[in-house]
Amino acid sequence: ERSAKSSRTTSRTPTMSHIRKALSLRDGSNEQTTTGPIALDTIIVKICNEMTVSKSDLFGKGRQKKVVMARELIIHTARNLTSKSFPEIAYAIGRPNHSTVITAAKRFKDRVADHQPVAVGCPHDGLPAGELAEMLATRMR
């Protein structure tokens, strides 16, 4: 009976939770991963930190490349990891209306499709936009 139990345990298929935990242990981060919804404010803070963009720049009217990329990453991540609508995302990042958010989402989707490397003066320059988005999304979970 004991051998049957142990063979059942060792042949179990790993879940995504197991895989994320293993990857975090491998990377040395050993951070707690979450499976629930991620708050939009959390996405904003984490992406601003990763991109070295201040929240005042993010909410401002500036069009510096690094700030624009941070906004695009926030929009992309929010659409993929939350159930927030374009108007809700626009309000959260201080945009005047949701059409600017829709345009930014399309622009970022095109960057991903074209495998464009990030080149905005941030710590992640050189990474393809899609890889950066996936890396940041993984860090959110």
## Note on the structure
Every listed condition ((1) outside any helix (DSSP H, G or I); (2) at pLDDT 95 or above; (3) of a type outside the set (S, T, N, Q)) holds for residue 66 save (1)
### Task
Name, by its number, the condition in (1) touching a Pro at 6+ places or on another chain (Cβ under 8 Å); (2) in a helix (DSSP H, G or I); (3) of a type in the set (S, T, N, Q) that does not hold for residue 83.
(2)
### Task
Sort out which residues of the range 86-101 are in a helix (DSSP H, G or I) and open to solvent by 40 Å² or more (accessible area, probe 1.4 Å), and write them in order of number.
86, 87, 88, 91, 98, 99, 100
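Select, from 55, 21, the only residue that is at pLDDT 95 or above and open to solvent by 40 Å² or more (accessible area, probe 1.4 Å). Give the derivation first.
Numbers: 21 fails: at pLDDT 95 or above.
Of the residues listed, the single one that is at pLDDT 95 or above and open to solvent by 40 Å² or more (accessible area, probe 1.4 Å) is 55.
Report the residue count in the range 43-63 for those that are under 18 Å from residue 127 (Cβ atoms) and either in a helix (DSSP H, G or I) or in contact with a strand residue (DSSP E or B) (Cβ under 8 Å, 6 or more places away or on another chain) (or both).
If we filter the range 43-63 for residues that are under 18 Å from residue 127 (Cβ atoms), which is where we start, we get 46-53.
With the extra rule that they be either in a helix (DSSP H, G or I) or in contact with a strand residue (DSSP E or B) (Cβ under 8 Å, 6 or more places away or on another chain) (or both), the set shrinks to 46-51.
So the count comes out to 6.
The values are calculated or read from the model by the stated rules, or taken from the named source; none is laboratory data. Source: prediction; values computed, not measured. Reconstructed Cβ throughout: ideal geometry from the backbone, glycine too, with neighbour counts over all protein chains shown. Accessible surface is based on the protein model in full, side chains and every heavy atom, while ligands, DNA and RNA are left aside. Shrake-Rupley method; radii C 1.70, N 1.55, O 1.52, S 1.80 Å.
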